[in-house]
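The values are calculated or read from the model by the stated rules, or taken from the named source; none is laboratory data. A quick note: this is a predicted structure, and the numbers were derived from the prediction, not measured. Because the Cβ atoms are built from the backbone with ideal geometry, glycine has one as well, and the counts that use them run over all protein chains shown. Ligands, DNA and RNA are excluded from the accessible area calculation, which covers all protein heavy atoms including side chains. Shrake-Rupley method; radii C 1.70, N 1.55, O 1.52, S 1.80 Å.
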Amino acid sequence: MIVLDTNQLEHVQPPHGPGLAMLRTIARETGHELALPEMAFEEHLAHIHHRVQKAESKITGGINELQRLAPFWPGNVSPLPGDHVLRNHRDELMKIFRVLQTPDGVAREALLRETQRRLPAAGSWELPGTGGRDVAIWLTALDECRQSGMKMYFVSMDKNAFGGPTLHPELREDITKALAGRAELFHYCNGVTALLEELAEKRQNRLTKNRVAKSLPVRDALTALGTGHEFRMELIDAAGLANVTVASGPELDHLELTKLEHETSYQLGDSAWATARATWQAAKHITASWFGTHGQDISITHEVQVVFTVTTTLLMQLDATGAITAAEIAARTRCTNITSNIVR
């Protein structure tokens, strides 16, 4: 089992970051379940909620300013998405991670350690006691390892709470006490990168932007995305074609890879995997028919070119030479920078 602390959960940018795509792939290939202590899960959701509230506040402030500048405008914008964002994020996390419930007695122990300045709570007597959440996360992971009797990788980069690059010696006493003669089951990893390098071998030759852009498997994956119903309807709606009869073109054209970032590659036995965040500019041709005044007779038909930008999380399999032999789009953003032009 692989258990993430809050900071490493956010490091892999759930639910669709390339770091998480690589972690999921290596975990699957090595037979490790992904899990989160309940407190890390809830802390991360609280961070998301706070970020959504800040974004909503900016939107509300902008609407109020526009209404002052344009009193005739009613401020009719779509409802703010805060509650939906949080529910969706929670659901997506629970598809990926098992949430480890906080055991009985851990909350009291967390408060005691925070009060007594004992690790992994903060140890300074010059400041108010903090770190109860770290204690709860730590003890939850230990208890799961004890109950399951399975090998566990606990992953964090909180050097004050847990240490770095090695675990604080005081916390090794917790491991010995919790696991008795099975202390070797519990492994501390100072970050996801350290974990991945323990489970697989990092490839030194990284994929180039040119190789990804010209890869046939990658382009096939994008073609499949472009012909999907959900993707097509998103473009139609954003291009202002929602109230006309439309027939989509066969695939994307003018496909250009404008940015490749966060690329990582790992070798695992005979298999090699790479993930990256790739931003594309592309176009899609749509045949649009506008209805006549009676709603039945077609008034006019045009071919419309819709140009857009989309960012994808790519998961790619490599051969011994580093060539991409298979690719899938693990996730994507909504399309942005959308413009539409009548071609004919």
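Across the range 307-321, computed HN-Hα scalar couplings (Karplus, 6.51 cos²θ - 1.76 cosθ + 1.60, θ = phi - 60°) run 9, 7, 10, 9, 10, 10, 9, 9, 10, 10, 9, 10, 8, 5, 8 Hz from first to last residue, x flagging Gly and Pro. Say the cut-off is 24 Å between C-alpha atoms; which of Lys214/Lys284; Lys95/Lys284; Lys259/Lys284; Lys95/Lys177; Lys202/Lys259 go over it? Result: Lys95/Lys284; Lys95/Lys177 exceed 24 Å. Can you bin the range 90-200 into rounded, prolate or oblate? Criterion: square roots of the alpha carbon gyration tensor eigenvalues sorted a ≥ b ≥ c, rounded for a/c under 1.5, prolate for a/b above b/c, oblate for the rest. Since a/c stays below 1.5, the shape of the range 90-200 is classed as rounded.
Thr166 exposes around 90 Å² of accessible area when a 1.4 Å probe is run over every protein chain in place. For the range 152-193, what does the alpha-carbon gyration tensor say about shape, rounded, prolate or oblate, given a ≥ b ≥ c as the root eigenvalues, a/c under 1.5 as rounded, and a/b over b/c as prolate? It comes out oblate by the Cα gyration axes.
For the range 84-239, the solvent-accessible area works out to 56 Å² per residue, with a probe of 1.4 Å and every protein chain left in place. By a 1.4 Å probe calculation restricted to protein chains, Trp73 has an accessible surface near 70 Å², given to the nearest 10. Largest first, the residues Asp104, Asp220 sort by 1.4 Å accessible area into Asp104, Asp220. Taking a straight line from the alpha carbon of Lys209, these aspartates and glutamates sit under 19 Å away, with near neighbours fewer than eight places off in the same chain left out: Asp220, Asp253, Glu256, Glu261, Glu263, Asp319, Glu328. Relative intensity of the range 35-150 on a log10 scale, I(q)/I(0) at q = 0.15 Å⁻¹, equals -0.80, per a Debye sum over C-alpha point scatterers of equal strength in the absence of solvent. Considering only beta bridges that DSSP places wholly inside the chain, some 80 percent are antiparallel. Excluding Gly322 itself, what net charge comes from residues whose Cβ is under 10 Å from its Cβ, given Lys and Arg +1 and Asp and Glu -1? Net of charged neighbours comes to +2.
Across the chain, C-alpha contacts under 8 Å between residues 6 or more apart give a mean separation that, scaled by the residue count, equals a relative contact order of 15 percent. Projecting the Cα positions of Leu100, Thr313, Ala141 onto the charge dipole of the chain (unit charges on Cβ atoms of Lys, Arg, Asp and Glu, taken about the Cα centre) puts Thr313 furthest along the positive direction. Largest first, the residues Asp134, Asp83, Asp5 sort by 1.4 Å accessible area into Asp83, Asp134, Asp5.
Taking Ala40, Ala278, Ala194 in turn, the Gaussian network model of the chain (Cα-Cα springs below 10 Å) assigns the largest fluctuation to Ala194.
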